[in-house]
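First up is the structure itself, then whatever we jot down about it.
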Amino acid sequence: QVQLVESGGGLVQPGGSLRLSCAASGTIFSISTMGWYRQSPGKQRELVATITRAGSTTYADSVKGRFTISRDNAKNTVHLQMNNLKAEDTAVYYCNRNPPVVNFWGQGTQVIVSS
């Protein structure tokens, strides 16, 4: 059974940075394309970034140049470095496979960007 646990969220001022982490249990992580997703109040969950097993990445237009996704297959972890944060980045952030598996959604980690 796969379990995904996100961490690293918090309150940050506009222009600040945060580094999110996702720890995955289960062997499926190392062979999967992983993604970071986010959901703001009243909005649908959206895909923010993806990374393949080999390290190829994609980003939503809204975060290109500001966010960086990375992974450590040996440690079953995936990270999201978020720089130059904006108020519109406020959301709960989740990791999951890409495409996502319903049963894999964790609790997420809250990011609030506010002065």
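The values are calculated or read from the model by the stated rules, or taken from the named source; none is laboratory data. This structure is a prediction, so every number in the text was calculated from the model and none was measured. Glycine also receives a Cβ, built like all others from the backbone with ideal geometry; neighbour counts cover every protein chain displayed. Ligands, DNA and RNA are stripped out before the accessible areas are found, and what is left, the full protein with its side chains, is counted by its heavy atoms. Shrake-Rupley method; radii C 1.70, N 1.55, O 1.52, S 1.80 Å.
Enumerate the strands (runs of 3 or more DSSP E) found wholly within region 4-55, keeping only those where 2 or more residues are within 11 Å of residue 78 (Cβ to Cβ) and in contact with a strand residue (DSSP E or B) (Cβ under 9 Å, 6 or more places away or on another chain).
It comes to 18-25, 34-39, 46-51.
Would you be able to tell me the number of residues in region 17-34 that are surrounded by 15 or more Cβ atoms within 10 Å (Cβ to Cβ) and of a type outside the set (Ser, Thr, Tyr)?
Residues in region 17-34 being surrounded by 15 or more Cβ atoms within 10 Å (Cβ to Cβ) and of a type outside the set (Ser, Thr, Tyr): 7 in total.
Quick check on region 84-97. Is at least one of its residues open to solvent by less than 40 Å² (accessible area, probe 1.4 Å), more than 22 Å from residue 15 (Cβ to Cβ) and over 12 Å from the mean Cα position of the chain (by Cα)?
No, region 84-97 has no match at all.
Taking the stated definitions as given, is residue 40 free of Cβ contacts under 8 Å to residues at least 60 places away in the same chain, open to solvent by 30 Å² or more (accessible area, probe 1.4 Å) and under 19 Å from residue 81 (Cα atoms)?
No.
Quick test of your reading of the structure: residue 106 fulfils all but one of (1) in a loop (DSSP other than H, G, I, E, B); (2) open to solvent by 30 Å² or more (accessible area, probe 1.4 Å); (3) touching a residue at least 24 places away in the same chain (Cβ under 8 Å); (4) more than 19 Å from residue 15 (Cα to Cα). Name the failing condition by number.
(2)
For region 46-64, how many residues meet the condition of being of a type in the set (D, E, K, R) and either at pLDDT below 95 or under 12 Å from the mean Cα position of the chain (by Cα) (or both)?
Step one: filter region 46-64 for residues of a type in the set (D, E, K, R), giving 46, 53, 61, 64.
Retained after the next criterion (residues that are either at pLDDT below 95 or under 12 Å from the mean Cα position of the chain (by Cα) (or both)): 46, 53.
Residues that pass the stated criteria total 2.
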